[in-house]
Amino acid sequence: MSEPNFAGNIIVNLASLPDFLRTPILKKRMTEFFSKNQDDKSEIIVNALNAGPTIPFPNFSKLFKTWLEVLATINNENREDMFSNYFRHILISPEKIILFNLDAIFEIFLQIDKEKQKILISSIKIVFDKLDEESKRKMILLTPDSARILFNF
C-alpha cells in the first residue's frame, strides 16, 4: 500500500486557489522547502513531478507562473538549490517530465516579467553548467527547442 501523496495534494489544492491566496502560501511553502533535509526535498520534488500532469492545465499554468515569480524573488543559493533538485530528479526519471506539456510550460515562462526571466535563466544556466556532459546531453534532449535557444544550451 502506498503512502498518501500529501505534497501532491497540497500542489493540487494550491493550483485551484486565487492569486491573492496562492502567492503567499507558495512563498511560505518554498521557504519551508529550503529548511528541509535532502531526503525531504527529494520527496517533495518527486511528488510535485508526479502531481503536475494530473492538474488541469489552466490551474497548473497559474500555479507554475506563480512558482516562477516567487522563485525569482528568493536568493540565488536557494533558487539554484531548487533547480538543482529538479534537474537531479528529472535526470533520474526523465519519463516524469515527458508527461508535461513542455512547450506550453515554456510559454508560461515567457509570460513572466523579463527581469524575472533573466534572474531565472541565470540560475538555470549555473545549475546546467555544473552538470556532467552526459547529464547535459539528457537535459538538452528533454528541453524544447525554443527553451534551449533562450537558455543557450
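Values quoted throughout were computed directly from the atomic coordinates according to the rules given, and no laboratory measurement underlies them. Source: prediction; values computed, not measured. Cβ: placed from backbone, ideal geometry, glycine included. Neighbour counts: every protein chain shown.
Here the chain was treated as a single set of alpha-carbon atoms; its pair distances binned every 5 Å from 0 give 1, 9, 18, 23, 25, 16, 6, 1, 0, 0 percent. Based on DSSP H segments of at least four residues, each scored -39500 (n - 2.57), the chain has a per-residue ellipticity at 222 nm of -24500 deg cm²/dmol.
Over 18 Å apart at the Cα level, from the set K96/K138; K27/K65; K114/K138, are K114/K138.
What helices in the chain pass both tests, a Cα length along the helix axis of 15 Å or more and a mean Kyte hydropathy of 0.0 or higher, using whole DSSP H runs? Taking the DSSP H segments of the chain (at least 15 Å long, mean hydropathy at least 0.0), we get 57-71, 114-129. Within the straight-line cut-off of under 18 Å between alpha carbons, the aspartates and glutamates reachable from K136 are E80, D81, E95, D145, sequence neighbours fewer than 8 places apart in one chain being disregarded.
Work out the charge dipole of region 6-151 with +1 on the Cβ of Lys and Arg and -1 on the Cβ of Asp and Glu about the Cα centre, then indicate which of N47, S135, F64 is farthest towards its positive end. Checking the options against the dipole of region 6-151, the answer is F64. For the chain, the dipole from Cβ point charges (+1 on Lys and Arg, -1 on Asp and Glu) about the Cα centre works out to 280 debye, to the nearest 20.
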